[in-house]
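Structure first, commentary second.
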Amino acid sequence: MREALSRIEKHAGRALAGADGGLEETLLFWLAGHFAIFAEAAGGLSAELREAHPGLPWRAVEGMRLYLAQDPFGIAPSPILSSLRKDLPRLEAMLSELEGK
C-alpha cells in the first residue's frame, strides 16, 4: 500500500497541474492502476484490522476499487482528480495509523 501511495503522490502534482487542459490518458491510466493496487491491498487486510481502525475510510477505498474495476477503459478523469485533491491526505493518514506512526 505504501509503495502504491508513494507513486501516486510522486505524480499527483503533474496530474493536477495539467487538469485544466485535460489529463493525459497515459497518466490517467497510470494513476488509476496505482489507486487500484492500493485499494486491492487495503481490501486484503483482515477484518480484525479493519475493525480495530473504524475511523479509516474503508468504504471510500472499496468504492474506488469497484469504480476502477467496473469499466477500466471508461475511467473518467474527474474521480481520479477528485481523489488526488481530497483523498490523498486521508490515505496518507490511513497508512500512518496502520503503520503506527
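Can you work out the FRET efficiency for the pair Ala41 and Gln70, with r the C-beta to C-beta distance and R0 = 22 Å, to the nearest 0.05?
Numbers: r = 19 Å, r/R0 = 0.86.
Using R0 = 22 Å, I get an efficiency of 0.70.
Dividing the convex hull volume of the alpha carbon atoms of the stretch 2-98 by its residue count, what do you get in Å³ per residue? Let's see the in-between values first.
Numbers: hull volume 8.3 nm³, N = 97.
Cα convex hull per residue, to the nearest whole number: 86 Å³.
Figure the gain on full extension for Ala17 and Arg85 (residue separation times 0.36 nm, minus the Cα-Cα span) and round it to one decimal in nm. Intermediate results must be reported in sequence, preceding the final value.
Values: separation 68, 0.36 × 68 = 24.48 nm, distance 1.14 nm.
Stretched fully, the Ala17-Arg85 segment lengthens by 23.3 nm.
Per DSSP helix of 4 or more residues, -39500 (n - 2.57); summed, then divided by the residues of the chain. What does that give at 222 nm, rounded to the nearest 500?
Details: 6 runs with 71 residues, N = 101.
Taking each H run of at least 4 residues, the total per residue is -21500 deg cm²/dmol.
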Full-stretch length increase - Trp58, Glu3 - with 0.36 nm per residue and alpha-carbon distance subtracted
18.0 nm
Could you tell me which of Phe73, Gly55, His34 has its Cα farthest along the dipole of the stretch 2-98 towards the positive end, charges placed at Cβ (Lys, Arg +1; Asp, Glu -1), taken about the Cα centre?
Gly55
Within the chain: Cβ-based charge dipole about Cα centre, in debye rounded to nearest 20 (Lys, Arg +1; Asp, Glu -1)
180
Checking Leu91, Leu56, Leu45 against a Gaussian network model of the chain (alpha-carbon springs below 10 Å), the top fluctuating residue turns out to be Leu45
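Only helices at least 20 Å long along their own axis, judged from Cα atoms, and with Kyte-Doolittle mean hydropathy of 0.5 or greater: name those in the chain from DSSP H. Mind showing how you got there, number by number?
Values: long enough: 2-17 (23 Å, -0.59); 25-43 (26 Å, 1.09).
The qualifying helices are 25-43.
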Using a Gaussian network model of the chain whose springs link C-alpha atoms within less than 10 Å, name the residue from Glu24, Glu40, Glu48 with the highest mean-square fluctuation.
Glu48
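Coordinate-derived values only; no laboratory data. From a predicted model like this one, the values you see are computed outputs, not experimental measurements. Cβ: placed from backbone, ideal geometry, glycine included. Neighbour counts: every protein chain shown.
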